[in-house]
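All remarks here apply to the structure that follows.
The values are calculated or read from the model by the stated rules, or taken from the named source; none is laboratory data. From a predicted model like this one, the values you see are computed outputs, not experimental measurements. Glycine gets a Cβ as well: all are built from the backbone with ideal geometry, and neighbour counts include every protein chain shown. Only protein heavy atoms, including side chains, enter the accessible area calculation; ligands, DNA and RNA are left aside. Shrake-Rupley method; radii C 1.70, N 1.55, O 1.52, S 1.80 Å.
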Amino acid sequence: MRRQRRLIYLKPHRKVLYYNLLTSVKLHSHLTYTEEQIQQLFSRLVKQYAKKEGVTEQLKATDIMLWVQKMNSIRTAATEIVCKDVVFV
């Protein structure tokens with residue numbers, strides 16, 4: 001999904017880069033590399049935020065709804081950062 005976001009972003013906003021990658025047959029490898037960066041950054045951010053917010057397996061066992069709420073919030077924040085720092089650059 002994020003890989004597709006990057007592709008959709010490149011076409012209208014970074015036309016020169018998009019066409020250079022496309023004509024040099026490097027678009028696929030660029031998108032693959034970008035997806036790897038996205039996954040690594042997203043995972044690292046989720047872990048960091050969960051630790052900072054005290055979201056643990058113990059919380060999950062004792063109050064699942066609070067755990068879900070906090071994890072959804074953390075994932076949303078991490079997604080926004082990843083999009084800003086990797087996808088839409």
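Think of each Lys and Arg Cβ as +1 and each Asp and Glu Cβ as -1; about the Cα centre, that makes the dipole of the range 1-48 roughly 140 debye.
Distance between the 7 Å Cα→Cβ label points at L7 and S73: 3.6 nm. Largest mean-square fluctuation among T32, T56, T79, in a Gaussian network model of the chain whose springs join Cα atoms under 10 Å apart, belongs to T56. FRET efficiency for the pair L59 and E80, taken as 1/(1 + (r/R0)^6) with r the Cβ-Cβ distance and R0 = 25 Å, rounds to 0.60. Across the range 30-75, counting alpha-carbon atoms alone, Rg and Dmax equal 13.1, 43 Å. When +1 charges are put on Lys and Arg Cβ atoms and -1 charges on Asp and Glu Cβ atoms, the dipole computed for the range 7-89 relative to its Cα centre reaches about 220 debye.
For the chain, averaging the sequence separation of C-alpha pairs within contact (under 8 Å, six or more residues apart) and dividing by the residue count gives a relative contact order of 37 percent.
Charges on Cβ only, +1 for Lys and Arg, -1 for Asp and Glu, centred on the Cα centroid of the chain; of C83, L21, G54, which one is farthest towards the dipole's positive end? Final value for the positive-end residue is L21. Each principal axis of the Cα cloud of the chain was taken in turn, and the coordinate range along them, longest first, works out to 55, 19, 18 Å. In this structure the chain gives 71 Å² per residue of accessible area when probed at 1.4 Å with all protein chains present.
If one takes the longest principal axis of the Cα atoms in the chain, at what angle in degrees, from 0 to 90 and to the nearest 10, does the Cα axis of helix 64-82 lie? Here the helix axis deviates by roughly 20 degrees. Helix 2-13 and the long axis of the chain differ in direction by around 40°, with both axes built from C-alpha atoms. Which entries of K26/K47; K51/K84; K52/K84; K11/K47; K11/K70 have Cα-Cα distances beyond 24 Å here? Table pairs above 24 Å Cα-Cα are K26/K47; K11/K47; K11/K70.
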